[in-house]
Amino acid sequence: MSRRADPLHALTWRTTRSGAGWGPASGRTPEALRRRRFPTMTDLERAARRRSPRFAFDFVDGGTGDDRGGARNRAALDGIEIVPRYGRIGTVDTGVELFGRRYEVPIGIAPTGNDGVAWPDASRRLAGTAAAAGLPYVTGTLASASIEDLAAICGERLWFQLYGMPRDEHRVSIDLVRRAEVAGAQVLVLALDAPVRSKRPRDLRNGLSVPFRPSPRLGVQLALHPAWTRAALRSRVPLFANIARYVDAPDGEPDLGAVAGFVQRELRGGLSWDEVRRFRAIWPRSLVVKGILHPDDARAAVDAGADGVLVSNHGGRQSDAAPAAIDVLPAVTEAVGDRCTVLFDSGIRSGLDVARALALGARAVFSGRGFLTGLAGAGDVGAAHVAELLTEELRTAMAQHGALDLAALRRLAIRHPTSWSPR
Ligand SMILES: Cc1cc2nc3c(=O)[nH]c(=O)nc-3n(C[C@H](O)[C@H](O)[C@H](O)COP(=O)(O)O)c2cc1C
């Protein structure tokens, strides 16, 4: 029987959303139409590919080298089996406490620099999604809106990810951290996993540069993708909103080229453990080290004062030889799970993937491409749709597998054939 003709399917789809009662997935509200048009992340990816200029889609979708890292993330997640347990009926509770704060779902928005390329004004849309859906949103150093503007939108949901700028004893980095503190960001995330700029062949082939260099090819791409182009014309936001104030400009505002040049010269996406300790000393709230793949690095992060580690291979964007992040999550959890909060990202495309990572020990799970793909595929409301999709699918996965809360999810029997422990 096809999905469309299956009355049970039509009825169950909304059950998990409200957590109460059965209702048909019909109706003509914009939300109902979106649910039918984009029932999965795959539908959003297809739409994003169609609606975005090639350089924008490839910027988000692509990884380093031959994109093996991203493919490895997917293959590893797909291979994980969870054995359901039946006879456990009741209300699903997805609530979780992270760093002293309660969240309704263990899902967050990962930091994505240069996000305005994916969808103009993306940072503000992501902050709005975080506020409405109650998710943590990690804004990055290279976001398209400033820490202060984003804090005004999503308040204490905001976390801040720092890329260091080491010149003059980290003058700029330290100022960014202080701004995050004053703005009320709850967690400082130090990303260690981009010590060099990785080679991204798809960006090179597309001639992607910041700022854009006009060319006939670019003009054609913009003309063929009016939704993206209209949004870009409407938003007119600077791409590196956090950074402009640090760039000397003889007559006031620096132009985008000067800001991009500053970032190119000054930014280093990796920190030493000594530097981690220095930021620990000046940051009064919770601190997370992002990009961990080795249990010994997880121990070093905790020894340097981290309250959490984020297991991640940067979505396959830094090393094509890096392990699938999910494959080393159990080893990291075993090493430091009793000393700090273990978080996870890389490869998440569904609520079932979220359930897999939670079952393997993550306390919360983040997505980078997922939310950007939502924006690119469905426009301004697309990130909120992704939040709803992931939440609903997670609830469904938990109910289906007989895990009514996150602790029960961790007790399920799991087969993870590609799991390994780096030594
Ligand atoms: C377009 C894009 C830009 C990113 N920029 C950053 C960044 O500035 N800082 C950072 O720590 N991670 C960055 N990441 C990595 C994400 O935070 C996250 O680790 C990754 O997206 C997870 O994999 P997923 O995209 O498969 O969910 C970026 C990812 C993407 C897709």
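I need the phi-derived Karplus couplings for segment 408-415: 6.51 cos²θ - 1.76 cosθ + 1.60, θ = phi - 60°, integer Hz, Gly and Pro marked x.
Once rounded to whole Hz, the list reads 5, 4, 6, 8, 6, 7, 10, 10.
When you count, for each residue, the other Cβ atoms within 10 Å and take the mean per peptide, how do 144-151, 263-270, 44-51 rank with the highest first?
Packing order, densest peptide first, comes out as 144-151, 44-51, 263-270.
Could you give the accessible area per residue of segment 288-423, probe 1.4 Å, as a whole number in Å²?
The answer is 30 Å² per residue.
Residue separation times 0.36 nm, minus the C-alpha to C-alpha distance between D66 and L204: what's the value?
In short, 48.4 nm is gained.
Pull up all non-local amide H partners of L98: gap of 5 or more, or a different chain, and H-to-H distance under 5 Å with H placed in the peptide plane.
Close amide H contacts, sequence-distant or interchain: Y103.
R245 versus E156, label points 7 Å from Cα toward the beta carbon: distance in nm?
About 2.4 nm separates the two model spin labels.
Rounded to whole Å, give me the distance from the Cα center of segment 340-376 to that of segment 45-108.
4 Å
Divide by every residue of the chain the summed helix terms, -39500 (n - 2.57) for each DSSP H run of at least 4, and state the resulting mean residue ellipticity at 222 nm, rounded to the nearest 500 deg cm²/dmol.
For the chain, the value works out to -13500 deg cm²/dmol.
Under 5 Å between amide H atoms, partner at least 5 residues away or on a different chain: which partners does G140 have, H built in plane at 1.01 Å?
The answer is T112, Q161.
Restrict the search to segment 53-150; then list the trypsin sites (Lys or Arg not before Pro) that DSSP places in a loop and that have at most 16 other Cβ atoms within 10 Å of their Cβ. Intermediate values should be presented prior to the final figure.
Working: sites: R54, R68, R72, R74, R85, R88, R101, R102, R124, R125; in loops: R85, R88.
Sites meeting the loop and neighbour criteria: R85, R88.
For segment 306-317, in order, what is each residue's ³J(HN,Hα) by Karplus, 6.51 cos²θ - 1.76 cosθ + 1.60 with θ = phi - 60°, in whole Hz (x at glycine and Pro)?
Each residue's phi maps through the Karplus curve to give 5, 8, x, 10, 10, 6, 6, 10, 6, x, x, 9 Hz.
Using the Cα gyration tensor of the chain, with a ≥ b ≥ c the square roots of its eigenvalues, what is the shape: rounded (a/c below 1.5), prolate (a/b larger than b/c) or oblate (neither)?
Oblate, since a/c reaches 1.5 and b/c is not below a/b.
What's the FRET efficiency of D255 with D93 using the Cβ-Cβ distance as r and R₀ = 51 Å, to the nearest 0.05?
For D255 and D93, the calculated efficiency is 0.50.
Measure off, as a whole percent, the carbon and sulfur share of the 1.4 Å-probe accessible area of the chain, all protein chains present.
Carbon and sulfur: 52 percent of the exposed surface of the chain.
Over the C-alpha atoms of segment 291-410, what are the Rg and the largest Cα-to-Cα span, Dmax, in Å?
14.9, 43
Report the paramagnetic label zone for A413: residues of segment 85-100 whose backbone N is under 14 Å from a point 7 Å from Cα along the Cα-to-Cβ axis.
85-86
Using a Förster distance of 25 angstrom, determine the FRET efficiency expected from the C-beta separation of D405 and A321, and round it to 0.05.
Using R0 = 25 Å, I get an efficiency of 0.10.
Please identify which residues in segment 264-280 have an amide N closer than 17 Å to a label point set 7 Å out from the Cα of R197, following the Cα→Cβ vector.
The answer is 264-270.
Largest first and in whole Å, what are the equivalent-ellipsoid semi-axes of segment 346-400 based on the Cα gyration tensor, each being the root of 5 times an eigenvalue?
21, 12, 7
List the relative contact order of the chain as a percent without decimals, with contacts defined as Cα pairs under 8 Å and 6+ residues apart.
On the way: 850 pairs, mean separation 107.0, N = 423.
The value is 25 percent.
Accessible area per residue, 1.4 Å probe, Å², for segment 212-282: what's the number?
Spelled out: the 1.4 Å probe surface of segment 212-282, per residue, equals 62 Å².
Can you tell me the accessible area per residue over segment 33-113, all protein chains present, probe 1.4 angstrom, in square angstrom?
50 Å²
Just to verify a number: FRET efficiency for F212 and R265, C-beta to C-beta distance, R0 = 22 Å, to 0.05?
That pair, F212 with R265, gives E of 0.65.
Which ³J(HN,Hα) values in Hz, rounded to whole numbers, follow from the phi angles of segment 342-357 under the Karplus curve 6.51 cos²θ - 1.76 cosθ + 1.60, where θ = phi - 60° and Gly and Pro get x?
Per-residue couplings from phi come out as 9, 10, 9, 8, 3, x, 5, 10, 7, x, 5, 4, 4, 4, 4, 5 Hz.
Where does each of 30-37, 155-162, 75-82, 114-121 land if you order them by average Cβ count within 10 Å, highest first?
Top to bottom by mean Cβ count within 10 Å: 114-121, 155-162, 75-82, 30-37.
List the residues whose amide H sits under 5 Å from the amide H of L343, counting only those 5 or more places along or on another chain, with H placed 1.01 Å from N in the peptide plane.
Excluding prolines and chain starts, which carry no amide H, the hits are V309, L310, V311, R363.
Stretch E169-V182 to full length: gain in nm at 0.36 nm per residue minus the Cα-Cα span?
Extending this stretch completely gives an extra 2.6 nm.
How far apart, in nm, are the 7 Å Cα→Cβ label points at S26 and E148?
About 5.2 nm separates the two model spin labels.
The values are calculated or read from the model by the stated rules, or taken from the named source; none is laboratory data. Note that the structure is a prediction, hence the values are computed from the model and not measured. Every residue, glycine among them, receives a Cβ derived from its backbone with ideal geometry; neighbour counts consider all protein chains shown. Surface accessibility is based on the protein's heavy atoms, side chains included, excluding ligands, DNA and RNA. Shrake-Rupley method; radii C 1.70, N 1.55, O 1.52, S 1.80 Å.
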